[in-house]
Amino acid sequence: MRSDSIVFARISISAAIASLLLMTILHALKSNLEPAGHMLSEYAIGEYGWVMQISFVAWAVSCFALGMSLRSEVVTRSGRIGVILLYVTGCALILGAVFVIDSPYATPVTPTLHGSLHGLSAMIGLPGQAIAGLLISYSLRLNPGWNNEWKLVTWFAHFTWLSLVLMFASTFIMMSRNQGGFSDVTSIGWFNRLVVLIYCAWLALTASAVIRILSRRDSFSRI
């Protein structure tokens, strides 16, 4: 069981890193998009869009794998709910990968089914992972085997919702200044990237903690 959890944790780390690397590569492949004014989801539109879609899938795999590695570590009902929310987040990311966002700069803006489903996936997945992180982190705090490991995990869990609030606030300010529309003269893109970076960092950090803790337990059991 412990070896399986370690394998899943390693998959989670690898998938989170792969997701961030693919997003980074996209900035070179689609250098015409100014990062400050464009969200990462927009990289799925047009040429090389499949790279962004794979990045979403890798992010989803990281969520699924971390949930599998944590099943025996969460010790409260809220922690188990957090693990379920990780799976829900993974499903939302798959939905976001399959259904591409509508360009917010299109004129006139004509919502499509795939664009609406992408928006739905974001409204589920983004707050979903932030809530999952908090529930899981505070459950791990009550697990005696986690000692001080839960501290960094909890800090980054708080960073997830703080970064999400900043992104929503920047979106509100931008749209209020542009009569409900998008503008290139904004920092929404940077806040969006900050959210993704912190979310993937939390996944990787938590998975790393799982590996360290389970490896120590295996070492003690051999003594």
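Can you name the residue in the stretch 41-60 that is of a type in the set (A, V, I, L, M) and more than 12 Å from the chain's Cα centre (by Cα) and, of all such residues, is nearest to Val195 (Cα to Cα)?
Within the stretch 41-60, the subset of a type in the set (A, V, I, L, M) is 44-45, 51-52, 54, 57-58, 60.
Adding the requirement that they be more than 12 Å from the chain's Cα centre (by Cα) leaves 44-45, 51-52, 54.
Details: Ala44: 18, Ile45: 20, Val51: 19, Met52: 16, Ile54: 18 Å.
Checked the stretch 41-60; the qualifying residue nearest to Val195 (Cα to Cα) is Met52.
With respect to the conditions (1) surrounded by fewer than 15 Cβ atoms within 10 Å (Cβ to Cβ); (2) under 25 Å from His27 (Cβ atoms), Ser72 falls short on a single one, namely (2). Restricting the search to the stretch 110-126, which residues are out of contact with any Ser or Thr (no Cβ under 8 Å at 6 or more places or on another chain) and buried (at least 17 other Cβ atoms within 10 Å of the Cβ)? Of everything in the stretch 110-126, those that are out of contact with any Ser or Thr (no Cβ under 8 Å at 6 or more places or on another chain) and buried (at least 17 other Cβ atoms within 10 Å of the Cβ) turn out to be Gly115, Ser121, Leu126.
Filter the stretch 16-34 for residues that are assigned to a helix (DSSP H, G or I) and in contact (Cβ under 8 Å) with a residue 60 or more places away in the chain; which is farthest from Trp59 (Cα to Cα)? Lay out the reasoning, then the answer.
Residues of the stretch 16-34 assigned to a helix (DSSP H, G or I): 16-29.
Filter again for in contact (Cβ under 8 Å) with a residue 60 or more places away in the chain, leaving 16-17, 19-20, 23.
On the way: Ala16: 6, Ile17: 9, Ser19: 6, Leu20: 8, Met23: 11 Å.
Per the stated criteria, the residue is Met23.
Scanning the stretch 11-31 for residues that are surrounded by fewer than 19 Cβ atoms within 10 Å (Cβ to Cβ) and among the hydroxyl-bearing types (Ser, Thr, Tyr) yields Ser14, Thr24, Ser31.
Among what's in the stretch 75-109 and is among the aliphatic types (A, V, I, L, M) and part of a loop (DSSP other than H, G, I, E, B), pick the residue that is surrounded by the most Cβ atoms within 10 Å (Cβ to Cβ). Give the steps one after another, and end with the answer.
As a first pass, look at the stretch 75-109 and keep what is among the aliphatic types (A, V, I, L, M): 75, 81, 83-86, 88, 92-95, 97-98, 100-101, 106, 109.
Restricting the remaining residues to those that are part of a loop (DSSP other than H, G, I, E, B) gives 75, 100-101, 106, 109.
On the way: Val75: 16, Val100: 21, Ile101: 24, Ala106: 13, Val109: 13.
Residue satisfying both the conditions and the ranking: Ile101.
Conditions (1) in contact with a Gly (Cβ under 9 Å, 6 or more places away or on another chain); (2) touching a residue at least 12 places away in the same chain (Cβ under 8 Å), marked per residue:
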{"site": "Ala36", "(1), (2)": "yes, yes"}
{"site": "Tyr48", "(1), (2)": "no, yes"}
{"site": "Leu70", "(1), (2)": "yes, yes"}
{"site": "Arg77", "(1), (2)": "no, no"}
{"site": "Gly82", "(1), (2)": "yes, yes"}
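Bear in mind these aren't lab numbers, they're just calculated from the coordinates by the rules spelled out. Every value quoted in this text rests on a predicted model; they were computed, and no experiment measured them. Here Cβ is always computed from backbone atoms with ideal geometry, including for glycine, and neighbour counts include all displayed protein chains.
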